[in-house]
Amino acid sequence: MVAPPDNDVLWARALHFRHNDGSPGLSGISLGVGEGEILAVGGPRGSGKTTLLRCLSGLVPVAGGEVWFNSVPVHTMRPAARERLRRERFGWIDPAPVLVPELNVWENAALPLMLRGTARRPARATALEWLERLDIGDKARKHPADLVHAERQRVCIARALAPAPSVLFADEPTAPLHRADRRHVLRTLTTAARSHGITVLLATADADTAALADRTVSLLDGRRVRTVHLPPVSGTAETEGRAACSLSV
């Protein structure tokens, strides 16, 4: 087992993962992510983007290969240690907003801070700051049921950013938002990440979203690829020519 380069906050080598039905999710993926880097993980639906983020964050154990965080081997951690790592150092944004219905908006945004032991007043102040930056501060005392879908997602993004995680895993974070709102929210997210030195792994199938990252890694069928050319609608004459891709080695 070889330790990763010192300048990589996340490093993976030859990752393999299989789904519960036995189908391959990842097949030999290797990559490194520098501290403070915003890395977009691109590719079409089903390419393995979410699976890669789940493996890198320790949410699921890998079937083979290595995952390191700050030179600590995540792949050898016991489940309790991985859970503690996710709670204390990582943040996660799902494509669908999930909030605690009994808590109001600012309490939901402050929840990770309070779970870490932050007192209620400073946790509330930090949560309100992020809610304001994401244009949802006026709903701070409302409950999730009183919000529309896109507003709930903004609260989830504020909740992920409030504790200033070392690494933020964002799985299609603006999927529930209207296109007009996406760029503003993404710019808030990326600007905040850079100003706080947060490393971001951003899974997306949207080229405009990926363009805001420092670098893009593309996946296809659980493998890294150098280029991905999606085919047009089935039946057109140029389908075969546009479907070419090059697997990295």
The condition of being open to solvent by less than 10 Å² (accessible area, probe 1.4 Å) and in contact (Cβ under 8 Å) with a residue 24 or more places away in the chain holds, among Gly25, Gly43, only for Gly25
Checked Arg154, Arg194 against criteria (in a helix (DSSP H, G or I) and surrounded by fewer than 23 Cβ atoms within 10 Å (Cβ to Cβ)); the one match is Arg194
Residues of the range 167-185 being at pLDDT 90 or above and either assigned to a helix (DSSP H, G or I) or open to solvent by less than 20 Å² (accessible area, probe 1.4 Å) (or both), in sequence order, are Val167, Leu168, Phe169, Ala170, Asp171, Pro173
Thr118 - would you say it is of a type in the set (Ser, Thr, Tyr), assigned to a loop (DSSP other than H, G, I, E, B) and over 22 Å from Thr191 (Cα atoms)?
yes
The correct count of residues that are touching a Ser or Thr at 6+ places or on another chain (Cβ under 7 Å) and either of a type in the set (Lys, Arg) or under 13 Å from Pro95 (Cα atoms) (or both) in the range 151-165 is 0
Restricting the range 31-74 to residues that are aliphatic (A, V, I, L, M) and in a strand (DSSP E or B), the one nearest to Thr190 (Cα to Cα) turns out to be Ile38
Checked Ala145, Ala164 against criteria (among the small types (Gly, Ala, Ser), more than 24 Å from Ser195 (Cα to Cα) and either in a loop (DSSP other than H, G, I, E, B) or open to solvent by 60 Å² or more (accessible area, probe 1.4 Å) (or both)); the one match is Ala145
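Across the range 66-94, which residue is modelled with the lowest pLDDT among those that are open to solvent by 50 Å² or more (accessible area, probe 1.4 Å) and within 15 Å of the chain's Cα centre (by Cα)?
Taking the range 66-94 as the starting set, the residues that turn out to be open to solvent by 50 Å² or more (accessible area, probe 1.4 Å) are 70-72, 75-76, 78-80, 83-84, 86-89, 92, 94.
Subsequent filtering for residues that are within 15 Å of the chain's Cα centre (by Cα) retains 86-87, 89, 92, 94.
Working: Arg86: 93, Arg87: 90, Arg89: 94, Trp92: 95, Asp94: 93.
In this case the residue turns out to be Arg87.
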When Thr51 is run through (1) within 30 Å of Gly137 (Cβ to Cβ); (2) hydroxyl-bearing (Ser, Thr, Tyr); (3) buried (at least 19 other Cβ atoms within 10 Å of the Cβ), the failure sits at (1)
Restricting the range 212-229 to residues that are in contact (Cβ under 8 Å) with a residue 24 or more places away in the chain and not in a strand (DSSP E or B), the one most open to solvent (accessible area, probe 1.4 Å) turns out to be Asp221
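The values are calculated or read from the model by the stated rules, or taken from the named source; none is laboratory data. Keep in mind that this is a model prediction, so the values were computed, not measured. When we count neighbours, we look across all protein chains shown, and the Cβ atoms used for this are built from the backbone with ideal geometry, even at glycine. Please note that ligands, DNA and RNA were not included when accessible areas were found on the heavy atoms of the full protein model with its side chains. Shrake-Rupley method; radii C 1.70, N 1.55, O 1.52, S 1.80 Å.
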